[in-house]
1. Restricting things to Cα coordinates, could you compute the convex hull volume per residue of segment 252-315 in Å³?
2. Under a crude label model (7 Å from the Cα following the beta-carbon direction), how far is K65 from Y22 in nanometres?
3. Over segment 26-188, how many pairs of lysines fall under 22 Å by alpha carbon, counting only those 8 or more apart in sequence or from different chains?
4. Give me a comma-separated list of calculated 3J(HN,Hα) values for segment 322-331, in order, Karplus coefficients 6.51, -1.76, 1.60 applied at θ = phi - 60°, integers in Hz, x for any Gly or Pro.
5. How high is the FRET efficiency from M395 to E248, r the C-beta distance, R0 41 Å, rounded to 0.05?
6. Which stretch or stretches of segment 222-240 have amide N atoms under 19 Å from the point lying 7 Å from A198's Cα along the Cα→Cβ direction?
7. Compute the Cα gyration tensor for segment 34-91, then decide on rounded, prolate or oblate, letting a ≥ b ≥ c be the square roots of its eigenvalues: rounded whenever a/c is under 1.5, prolate when a/b is larger than b/c in the other cases, and oblate in all that remain.
8. How much accessible surface does M314 have with a 1.4 Å probe, in Å² rounded to 10?
Amino acid sequence: MKYPNITFEPLFSWVNRPRIMYSPGLRSEVGYEMAQLGGKRAVIFTDKGLVAAGIVEMVAEEVRKSDLELAGVFDSIIQDARIDIINAGAAFYRKCGADCMIAVGGGSVMDTAKAVNIMISGGNDDFQPLADQAGLWEGAKQLPPHIAFPTTAGTGCEVTNAMVVLDVAAHAKLQVTHPYCNCDIAMLDPELTIKLPAKITAFTGIDALTHAIEGITSTGAEPIADALGLHAIRLIFKYLPIAVKNPEDITARGHMLLASSIAGMCFVNTMTGGVHATAHALGALYGIPHGLANAIMLPVVMAFNASEVPERYMMIADAMGLDVKDKKPVEAAKMAVKAVVSLKKKIGLTDTLKDFKVPNDPAKLKPLVELAAADGQVSYNPHYLEEEDILKIYMKAI
Ligand SMILES: [Fe+2]
């Protein structure tokens, strides 16, 4: 495809953090790498499902083989990083006399670990005031040593300097940023992802795809993010169907883990857009897992945005492997939307908002629409989303 006419905002900043390491079996290096960071007593942050599946033990046994002491395992994390659990995690870390952390899990685990590390560094007992502050940049300093092993390929949380925190009392998802909250080393070990069930593999993979597509079409889009996002799309379209069909295919699992981190680096500075704004509200009010909410909203929001930035969607269509030669950008954009619908079908994602009892009634959707309209990601959507636009988008997804 010939490079289309692409414009971008004349000022942007791109942060290159953390260090990323990749290898099947990489967990054997955790003790050595943590020692290099200065950590001696580690707490593993994780969830009970990963303990039961034996994934945590795969990491813990490597810690025990090394000089790194295992101070404890905090496995109380549930879906979404929650303020009460973050506070309990920080208390656990202190009680164990730990000086470093290892996150083993998906987005909820990694975001909880980030928030705990901020509290440890700042001597805080309650994360709520920090979550309410949202941007924790003033006077921010490096945090204690932190290594993350993502066990899902989708959230990209291992590379982002943001956390999404569920405020249970307010029924809202808060977005909190801190320049050093992401781990020091993202250790990508695809062997930790082979037990991930097909459905979760599918929707977390679409989360990564959404990060790439929204990162490239964001109002903050820029060439570095384009390069990352377009390659993530290539990898996802090739390897996600294989990872869903053959869960033990380590090549597919490895490429999906890489795609997730690459897509994370794409959107970390450009932000996302309408898919994430509407998905955050669906998560907060209807408990729909983040990746699944994105999977439902992605083609609908893409269709809504297609005529705003057609050249950008043309690059996306090309990265998906579609033949866009001789196509007009708007036509290519429509092809990209169709390709997402086909990919979802291929990987068995047929859910709609109806399946989660989201009412097919504009009046009853008001709280959902208001919550999405107040989400910080709305302003990065290429077409500014007013409440009436958001309502239209939700009605199309039901
Ligand atoms: Fe996401």
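1. 112 Å³
2. 2.3 nm
3. Count of close lysine pairs: 9.
4. 7, 8, 9, 4, 6, 9, 6, x, 5, 5
5. Given R0 = 41 Å and the Cβ-Cβ separation, E is 0.50.
6. 237-240, by backbone N distance to the label point.
7. Details: a/c = 2.85, a/b = 1.41, b/c = 2.03.
Oblate is the answer for segment 34-91, as a/c is 1.5 or above yet b/c matches or exceeds a/b.
8. So the heavy atoms of M314 present about 20 Å² to solvent.
The values are calculated or read from the model by the stated rules, or taken from the named source; none is laboratory data. Quick caveat: nothing in here was measured; it's all calculated off a predicted structure. For neighbour counting, all protein chains shown are included, and Cβ atoms are generated from backbone atoms with ideal geometry for every residue, glycine included. Accessible surface areas use protein heavy atoms only, side chains included; no ligands, DNA or RNA. Shrake-Rupley method; radii C 1.70, N 1.55, O 1.52, S 1.80 Å.
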